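These notes concern the structure reproduced below.
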Amino acid sequence: MQKTAFDSGTAKAFSDCPPQRYRGLTKTLLVVKLTILLTVVAFFQVHASGTMAQTVTISGKDLTLKQVFSAIEKQTDYVLLNTKGTFDGTKPVSLTVHKMPLREFLDFLLKEEQLEYEIQGKTILLSRKVMPEAIVTKPPAVFPDLFPDKELITGFVRNEQNRPFSGVSVVVKRTRKGTITDAAGRFSVQAEQGDILIISYVGYSDQEVKITGTNVMVSLKVSPSILDETQVTAYGKTSRRLATGNIGTVKADELERQPVATVLEALIGRVPGLNIQQTSGNSAAPMRVTIRGINTISQNAVTDPLYVIDGIPFITLNVSDITGNLPISMGAVQGGLPNVRGENPLLSINPMDIESVSVLKDADATSIYGSRGANGVILITTKKPKAGPTSFRLSVNQGTTFNSRYPKLLNTQEYLAMRREAFRNDGIIPDASNAPDLLRWDTTKYTDWQRLFVGTGSVTTVNAGISGGMSQTSYAVSVKYDTRKELMNNGGKNHGGTLFTSLNHTSNDQKFGFSFSNNLSLTEVNASLLGDLGTLAPNAPDIYNEKGEFNFEPYRVNNGSLFKFSNLKKPSVSNTFALQNSMNFRYEVIRGLTISTNAGYRFTHNTNANYSPQAANDPVLEGYSSAIYGETVNKDWTVEPQIRYNAFIGKGNLTV
């Protein structure tokens, strides 16, 4: 039998060819064609969409829709999200399908039901079909509050692993009403379009979602734990989770929110065990600082902790004959006697330049600093420059200070009645010397001395800074000017200014590093002492006479005087210049082994004067003037070499 093959349109006869050879060639062509066909089919299957790749196989009689969707969830990666009552009124179905695509199966299943679906990611949202708008009756627009347009909002909450999240709190922010998600992560809540849902769960970051439809999809993320925050220690850093001691920390964002003059004021009430007491109404005055109480039986012992700024100890001991027996640190004022009785030791540091403050207690303080840390240690870390484009910041703050509450005192009649009763109880006859308020002064006069002397203060603060640099070298410069009128300062003001500069540099291989910071400050403190205003009689005579001079005469008794206002003309002024430098050099000798050195220099110079002019004293009793002058110069420098080794051993981290 003759066979014919076609090659480029030309017919050739192969009647004499052996048949087995061409039968093998035909089989080879069939195998090649079948391989190409299977490859193409597999290619299109791999590139099929998510819903086309998911198929459903189910067979049954009188199955409820709930049973059908349960089978879909078991056969596919999809989950169903619907509201309560969605399947009410639906009819059972009898069907037999084999590997039908998911969308095609859903269209077939729901074509005769008043239900509709939508696929979002791996979730099938099932709901009832919306009724035609002509049937819905809406209230008139002029009464929107009488008929709120509330509807049932459904949603689904999942975690970072894309799994249903149960027990999640869902609250409508406006009404504060809410619910929690079920075992499948579903929830439903009555709300209006535009409302905000607050989604929260312990250990996860809260989310606020605005309602723009009837279905809400939310994914919660694990919130960063405060246990993993950086914790500054004496000679390094760790985390709260790994810290072995009790260390209290206050970050920069908390300090910047406080409108205070010094960082000590910002720490009040923020660290457990740290007690800070103001010794005067003047913000520049010293403060009594104790950590976990007093550890000495001496009442005059200084209990202030050791301050360490960028690794450099800050010495605040009292060394002069005047200040040596005082229970608080006088700071830069060791000579003289200003009205504020010293100066806050941290007055020269701008709180805006501080990155964090760590308070070391007990063994954490003494293990490294020895007896110097017996009262605790306060570590202050200043802000370091960061690489990036040059940026400039400027802030100007103006504020007013006032006393919002005054102690309730007796009026004149109540005060005089109490005084007369006291004399009767003691069996003493009042006379002009021991009771001028009863016999000599006007018994109808009333003066609230608190409101007379406690005025209104003001605060003006200007902060400016510039920073930037490359990945190897970065810089930062900040300045601050501050002026404050205190409440009880007789019109006097405190002025201060700081200049802070910082520079960081690292080598290209990151083995060598150098950092330098410099803080320069100038302060002027003007202060007056007003005394105890709460013990003044409400009917005491006026302070000044008709000539505008002190009214001494009605206050004179038996070669003495009850006049308590002389301090109004006895001001003091204190000027302080402070300079503090700190440098750090480090070099990584081998991997994990670092040698570093901290070096610091501090210089302070204070001059102060306390004036007592003749006009402030009763000429009958004390007719002379006087002044007290003081000057203090303090210099100290520190060099601390360090060797640090850090290595990972198995699953642990070794630091020496």
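The values are calculated or read from the model by the stated rules, or taken from the named source; none is laboratory data. As the structure is a prediction and not an experimental result, all values here were calculated from the model. With ideal geometry, Cβ positions are generated from the backbone for all residues, glycine too; neighbour counts draw on all protein chains shown. Protein only, heavy atoms only, side chains kept; ligands, DNA and RNA dropped before computing areas. Shrake-Rupley method; radii C 1.70, N 1.55, O 1.52, S 1.80 Å.
Taking Lys and Arg as +1 and Asp and Glu as -1, the other residues whose beta-carbon sits under 12 Å from that of T594 total +3. Neighbours of N463, meaning other residues whose beta-carbon lies under 13 angstrom from its beta-carbon, give a summed charge of 0 when Lys and Arg score +1 and Asp and Glu score -1. On a per residue basis, the range 268-405 carries 46 Å² of accessible surface, using protein heavy atoms and a 1.4 Å probe.
Scanning residues 5 or more positions from A476 or on other chains, those with amide H under 5 Å from its amide H are S502, with H placed 1.01 Å from N in the peptide plane.
Grab the other residues whose beta carbon is less than 12 angstrom from that of S166, score K and R as +1, D and E as -1, and report the net. Write out the running numbers ahead of the final one.
Details: positive: R158, R163, R186; negative: D182.
Charge balance near S166 sits at +2.
For the range 171-217, trypsin sites (Lys or Arg not before Pro) meeting the loop criterion (DSSP other than H, G, I, E, B) and having at most 16 other Cβ atoms within 10 Å: K173, R174, R176, K177.
The separation of the range 471-525 from the range 566-610, counted between C-alpha centres, amounts to 11 Å. Per residue, the solvent-accessible area of the range 478-609 (1.4 Å probe, heavy atoms of protein chains only, all protein chains present) comes to 48 Å². Enter the Cα centre distance for the pair the range 67-130 and the range 407-456, rounded to the nearest angstrom. Measuring centre to centre over Cα atoms gives 89 Å. The modelled label-to-label distance between T447 and H505, using points 7 Å beyond Cα along the C-beta direction, is 6.5 nm.
Simple rule: put +1 on each Lys or Arg Cβ and -1 on each Asp or Glu Cβ in the range 460-575, find the dipole, and look at P571, S471, S517; the Cα lying farthest toward the positive end is S471.
In loop segments of the range 552-656 as defined by DSSP, the trypsin sites (Lys or Arg not before Pro) with at most 12 further C-beta atoms inside 10 Å of their C-beta are R591, K651. Amide H contacts of Q193: none lie under 5 Å away among residues 5 or more positions distant or on a separate chain (H built 1.01 Å from N in the peptide plane; Pro and chain starts excluded).
Over the range 55-125, accessible surface divided per residue gives 58 Å², non-protein components excluded, 1.4 Å probe.
Shown is the FRET efficiency for I196 and S166, computed with R0 = 30 Å from the Cβ-Cβ distance and rounded to the nearest 0.05: 0.85.
In whole percent, and with a 1.4 Å probe on the protein chains, what portion of the accessible area of the range 162-218 is carbon and sulfur?
On the way: 1450 of 3090 Å².
On the range 162-218, the fraction of accessible area on carbon and sulfur atoms equals 47 percent.
To the nearest 0.05, what FRET efficiency results for Y544 and R176 with a Förster distance of 60 Å applied to their C-beta separation? After rounding, the FRET efficiency stands at 0.50. Among the listed pairs K129/K173; K84/K210; K480/K570; K361/K386; K61/K91; K251/K635, a Cα-Cα separation exceeding 19 Å is found for K129/K173; K84/K210; K480/K570; K361/K386; K251/K635. Counting protein heavy atoms only, the range 578-632 has 58 percent of its accessible area on carbon and sulfur, 1.4 angstrom probe.
Considering only the Cα atoms of the range 362-518, their convex hull presents on average a projected area of 18.5 nm².
At a 1.4 Å probe radius, carbon and sulfur cover how many percent of the accessible area of the range 492-552? List each step's numbers first, then the result.
Values: 1590 of 2860 Å².
Heavy-atom surface of the range 492-552 belonging to carbon and sulfur, 1.4 Å probe: 56 percent.
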